[in-house]
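Here's the structure, in structure tokens; my notes come after.
The values are calculated or read from the model by the stated rules, or taken from the named source; none is laboratory data. Because the structure is predicted, anything quoted here is derived from the model rather than measured. So basically every Cβ, Gly included, is an ideal-geometry build from the backbone, and we count neighbours across all protein chains shown. In case anyone asks, the SASA skips ligands and DNA or RNA and just uses the protein heavy atoms, side chains included. Shrake-Rupley method; radii C 1.70, N 1.55, O 1.52, S 1.80 Å.
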Amino acid sequence: MRHRWARAGGAAGLAALLVGCSASVLPTVTVTVTVTPSSAASATPDDWTAVVERARGALYRIQTTSCTSGKDGLVATGFAIGEHLVLTAAHVVEYQQEFELSSERGSGGAHVLGFDAQADVALLWLDASADSTLSLTESPPKQSDPVLLLGFPGGVQDVQQTTGTVTGVDGTGTVTDAGGIVQREGMLVTDIATDTGNSGGPLLATDGQVVGVASAHALEYSTGEGRVSPSAGSTYAVQPGQFADQLEQWRTSTSVVNTCDPDSVNHVIKNLDTSPDGAADALAALDSFWLSVNAGDFATAWAKLNTRGQQVKGSYDRWSTKMTGAQYSDGYLESARASTASASATVVVNLTESTTAGETRCRVWRLTYGLTSEAGQWLVGPYGGRSIGRC
């Protein structure tokens, strides 16, 4: 059952929905991504030498072992974003076990801290220390911008480079598994040919920053191969903004994700039971947050974010500038749970905002908010969410 709220006066309606409301929810996780502007000089589209030399120390060749056969699975690419943290594509690790990573410096084992099959990103913990790291961009590329893909196409031993151009900044794709077809949104599209060995590799801008993680237009589980196979065609890439809300939770994870189990946390849809205790005030705060954004009162909205929520947004100036002109509408509560001091609520809401190209775009988001009671006031701190389609 869907419950809808208006832009004005929706708090009471949301609060009332908590009594007896229960629904299926896809668990989401948290993140703060550290993105550091590059201080190095940008390369020209015709000369990527400096970019390659700075980046190659962060590149890893990933050799997996198949869950089904116990033999070598596939060769793909990953890149370090922290001393022990390596980013790659989810379809590289899904249905695979035992990950051997090698770089110019040496080789060693790794395990998966988390992965998101729909976004197609995964984070691994590298047992050894990375030689160098790459930074995720804060500035999405534009159509026709030159890009460089680094990886191990064809399973080669040495890092290979492929140059190309961004041909689209809002591409759509699909993920197909036993649960059906899931749509993917907001992907970078390039004219670089897809190669399995490049999967998970960094797509770099001329300043050396990562603008995307190499993926494919379509991903589908292959029973015969015991793995998720990318479609042929041009390389699609997952933009950092698409997985920002996952990384922080993964970075602080101390458990190993079971990538062989198709019913792992990344796949199963679980039910969250609702509870009326204290949740009315929590949802009133959430509704007030949305209404403050709609009214352009960003200071009030910011004050409702707890410390972690503010960290996710980055800074007030950056967030308020980004949200200027944005509008939340047609939201409904999927589920909620609450205790005396904390609560969470999963909602689906339309968000209309302007793109970097000056166009207006409306997307449907599923957002899971964590809420805490501090000094008698409920504070809102989003800890997960993803776009699930267009309005």
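Show me, for segment 69-76, the HN-Hα J-couplings you get by feeding each phi into the Karplus relation (A = 6.51, B = -1.76, C = 1.60, θ = phi - 60°), rounded to Hz, glycine and proline as x.
So the Karplus estimates, Gly and Pro as x, are 9, x, 10, 3, x, 8, 10, 8 Hz.
Report the accessible area of residue 319, computed with a 1.4 Å probe over the heavy atoms of all protein chains in place, in Å² rounded to the nearest 10.
That residue has around 10 Å² of solvent-accessible surface.
For segment 133-179, which whole percent of the accessible surface, found with a 1.4 angstrom probe, sits on carbon and sulfur atoms? Show your work: numbers first, answer last.
Working: 950 of 2230 Å².
Carbon and sulfur together cover 42 percent of it.
Under 20 Å from a label point 7 Å along Cα→Cβ of residue 72: give me every residue in segment 221-256 with its amide N that close.
Under cut-off, by backbone N: 224-230.
For the pair residue 84 and residue 364, how long in nm is the line joining their label points, each one 7 Å along Cα→Cβ?
4.1
Measuring with a 1.4 Å probe in the full set of protein chains, what accessible area per residue, in whole Å², belongs to segment 51-126?
30
Working out 0.36 nm times the residue gap between residue 354 and residue 172, then minus their Cα-Cα distance, what length gain in nm do you get to one decimal? Let's see the in-between values first.
On the way: separation 182, 0.36 × 182 = 65.52 nm, distance 1.84 nm.
That works out to 63.7 nm of additional length.
Could you sort the peptides 49-56, 194-201, 328-335, 93-100 by per-residue average Cβ neighbour count (10 Å cutoff), highest mean leading?
Top of the packing list down: 194-201, 93-100, 328-335, 49-56.
For segment 135-196 and segment 61-107, what is the separation of their Cα centres, given in Å?
18
Compute the FRET efficiency between residue 144 and residue 111 as 1/(1 + (r/R0)^6), taking r as their Cβ-Cβ distance and R0 = 30 Å, and round to the nearest 0.05. Let's see the in-between values first.
On the way: r = 40 Å, r/R0 = 1.32.
It comes out at approximately 0.15.
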